[in-house]
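Enquirer: The following block contains the structure, expressed as structure tokens.
The values are calculated or read from the model by the stated rules, or taken from the named source; none is laboratory data. The structure displayed is predicted, hence computed values, not measured ones. So basically every Cβ, Gly included, is an ideal-geometry build from the backbone, and we count neighbours across all protein chains shown. Surface accessibility is based on the protein's heavy atoms, side chains included, excluding ligands, DNA and RNA. Shrake-Rupley method; radii C 1.70, N 1.55, O 1.52, S 1.80 Å.
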Amino acid sequence: DMNVDASVPPVTHTIGVSAAGYARWNTWLERGGLKTYAQRRNDSLDVHAVSRMSAYLNMGMVSPFRLAREASAASGSGKSKFLHEFLTWRGLAFAHCYHFPMPATGSTLAQLPLWAQQTLRRHAHDSRKVIPRERLAAGQSGDRSWDGMQRYLTATGELHNNARMGWGKAIVKWAASPEEIGRASCRER
């Protein structure tokens, strides 16, 4: 009944239980993750520079309150940078979703900040190299960096914080229109 794609193999390095999430968090802290976070966090090739807790947080397997409390109580020169990013960006994202909820019919450009809507509309008629979604999913855009990120995402189920930003913003240039991106993402759900 859940329409699960059985062709997607399990991600063996991220076990989907709370205990595994907290174990990952504790290992990251014990290995000095907060001590070096401010210096290492932007290197997307340094997988262990970041906590890699997104999947556990997004699925509700670990408590953001506990992570924030434990990070706050820990030491390390990167602690304030981690907490700033963790609390500020998480809070802003939740506030945005609260004030601009997705309609039952799916995502729309109206959910985006006004500046983003204006930018997308201003460039709606730019020439584009439209790439079918199947090719994008297979990591066959022709952009070696993006394709590498897509293949890594497919194989591991995660992307480094900075890699996610570059990965996400590249998709708009390969869609027929900004609206098509929203329509396509809704069909997948």
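Enquirer: How many of the residues making up the stretch 117-159 are at pLDDT below 90, open to solvent by 60 Å² or more (accessible area, probe 1.4 Å) and on the phi > 0 side of the Ramachandran plot?
Expert: Adding up the residues that qualify gives 0.
Enquirer: Does Phe86 fit the bill of being within 30 Å of Arg66 (Cα to Cα) and within 15 Å of the chain's Cα centre (by Cα)?
Expert: For Phe86, the condition - within 30 Å of Arg66 (Cα to Cα) and within 15 Å of the chain's Cα centre (by Cα) - is met.
Enquirer: While we're looking at this one, here's another question. Go over the candidates Arg69, Arg52, Arg90 one by one and state the one that is surrounded by 15 or more Cβ atoms within 10 Å (Cβ to Cβ) and of a type in the set (Lys, Arg).
Expert: Result of the check over Arg69, Arg52, Arg90: Arg52.
Enquirer: When you check Ala104 against the structure, is it of a type in the set (A, V, I, L, M) and surrounded by fewer than 12 Cβ atoms within 10 Å (Cβ to Cβ), yes or no?
Expert: Yes; evaluated as a whole, the condition is true for this residue.
Enquirer: If I filter the stretch 84-101 for residues that are of a type in the set (Ser, Thr, Tyr) and part of a loop (DSSP other than H, G, I, E, B), do I get at least one hit? Reasoning before the result, please.
Expert: First pass over the stretch 84-101, keeping only residues of a type in the set (Ser, Thr, Tyr): 88, 98.
Filter once more, keeping what is part of a loop (DSSP other than H, G, I, E, B): none.
Looking for residues that are of a type in the set (Ser, Thr, Tyr) and part of a loop (DSSP other than H, G, I, E, B), one finds none in the stretch 84-101, hence no.
Enquirer: On to the next question. Could you grab me the full set of residues in the stretch 59-82 that are within 18 Å of Thr36 (Cβ to Cβ) and assigned to a loop (DSSP other than H, G, I, E, B)?
Expert: Scanning the stretch 59-82 gives Ala74, Ser75, Gly76, Ser77, Gly78.
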